[in-house]
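Report on the structure given below.
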Amino acid sequence: MKIDIVNLSGERIQASRLCRDARAAFRILGAKKTPRSLVIACLRPQESARLKRQYLGSRDGANVLSFRYDDSNAEVILTPSVIEAEAHRNGIPVTQAIRGMLVHGLLHVAGYHHEEGRGRERRFEAIEQRIFSKLRIGHSHS
C-alpha cells in the first residue's frame with residue numbers, strides 16, 4: 001500500500017508513526033479491506049469542518065473524516081488541533097488520541113460503520129479495540 005502524508009494543519013505530527021499504524025491496522029483487517037493508495041491528510045479545523053458540511057451535511061466540527069473513493073484509493077483526514085482539545089478534555093495523551101482517530105478513520109475506509117445500529121456499533125468497537133490492543137494504543141474515546 002502506498003501512503004502519502006499531507007500536513008496542512010500547522011501542527012507537528014508523527015508522519016512515520018501514522019504510516020506504521022495504518023499499515024499495521026490494514027494487516028490486521030486483511031488484504032480485501034486494504035486500498036492500494038491511502039492519503040492521510042492533516043487539516044486545520046475550518047477546512048475539515050467545510051468538508052464535513054459539504055460531504056456529510058453536518059455543521060459539527062470534525063476530528064476525523066474518511067473517504068473510500070474506489071477499491072484502490074482512500075483518504076483519512078485528521079484535524080490534530082480538534083483531536084488535541086478532545087484528548088485534553090478526556091485525559092488521554094495527544095499522541096494516543098491522534099493514533100486512535102486514525103484507526104477509527106481506517107475502519108470506516110475498510111467498510112466498517114458504527115452509525116448503522118447497535119449491533120454494528122458493538123462490532124466496530126470490538127474491532128477497533130483489537131487494533132488498539134495490537135498497536136498498543138490503549139483505550140481511546142472515539
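Brief remarks follow.
- Scan of the range 1-33 for residues that are closer than 25 Å to Val82 by Cα and assigned to a strand (DSSP E or B), ordered by number: Ile3, Asp4, Ile5, Val6, Asn7
Conditions tested, residue by residue: (1) in contact with a helix residue (DSSP H, G or I) (Cβ under 6 Å, 6 or more places away or on another chain); (2) farther than 23 Å from Ala41 by Cα; (3) surrounded by fewer than 17 Cβ atoms within 10 Å (Cβ to Cβ); (4) small (Gly, Ala, Ser).
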site: Asn90; (1), (2), (3), (4): no, yes, yes, no
site: Gly111; (1), (2), (3), (4): no, no, yes, yes
site: Gly117; (1), (2), (3), (4): no, yes, yes, yes
site: Arg123; (1), (2), (3), (4): no, yes, yes, no
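- For first residues located in the range 88-100 and over 14 Å from Cys19 (Cα atoms), partners that are part of a helix (DSSP H, G or I) and lie 6+ apart or on another chain with Cβ distances below 6 Å form the pairs Val94/Glu84; Val94/Ala87; Ala97/Ile83; Ala97/Ala87.
- Selection status of Arg122, more than 11 Å from the chain's Cα centre (by Cα) and part of a helix (DSSP H, G or I): yes
- Every pair of residues 6+ apart whose Cβ atoms lie under 6 Å, when the first sits in the range 113-133 and is free of Cβ contacts under 8 Å to residues at least 24 places away in the same chain and closer than 25 Å to Arg20 by Cβ while the second is surrounded by 12 or more Cβ atoms within 10 Å (Cβ to Cβ) and of a type in the set (A, V, I, L, M, F, W, C): His114/Phe124
- Conditions (1) under 23 Å from Arg12 (Cα atoms); (2) among the hydroxyl-bearing types (Ser, Thr, Tyr); (3) loosely packed, with under 14 Cβ neighbours inside 10 Å; number of the one not met by Ser58: (1)
- Residue list for the range 1-32, restricted to those being charged (D, E, K, R), free of Cβ contacts under 8 Å to residues at least 40 places away in the same chain, surrounded by 12 or more Cβ atoms within 10 Å (Cβ to Cβ) and closer than 22 Å to Gln129 by Cα: Arg20, Arg23, Arg27
- Hits in the range 125-142 - residues which are touching a helix residue (DSSP H, G or I) at 6+ places or on another chain (Cβ under 9 Å) and of a type outside the set (S, T, N, Q): Ile127, Glu128, Arg130, Ile131, Phe132, Lys134, Leu135, Ile137, Gly138, His139, His141
- Conditions (1) assigned to a helix (DSSP H, G or I); (2) under 19 Å from Leu135 (Cβ atoms); (3) not β-branched (Val, Ile, Thr): number failed by Leu38: (1)
- For the range 28-44, the set of residues classified as closer than 23 Å to Ala126 by Cα and either modelled with pLDDT of 95 or more or touching a helix residue (DSSP H, G or I) at 6+ places or on another chain (Cβ under 9 Å) (or both) consists of Ile28, Leu29, Lys33, Thr34, Pro35, listed by residue number.
The values are calculated or read from the model by the stated rules, or taken from the named source; none is laboratory data. Model, not experiment: these values are computed from the prediction. All Cβ positions, glycine included, derive from the backbone under ideal geometry; neighbour counts span all protein chains shown.
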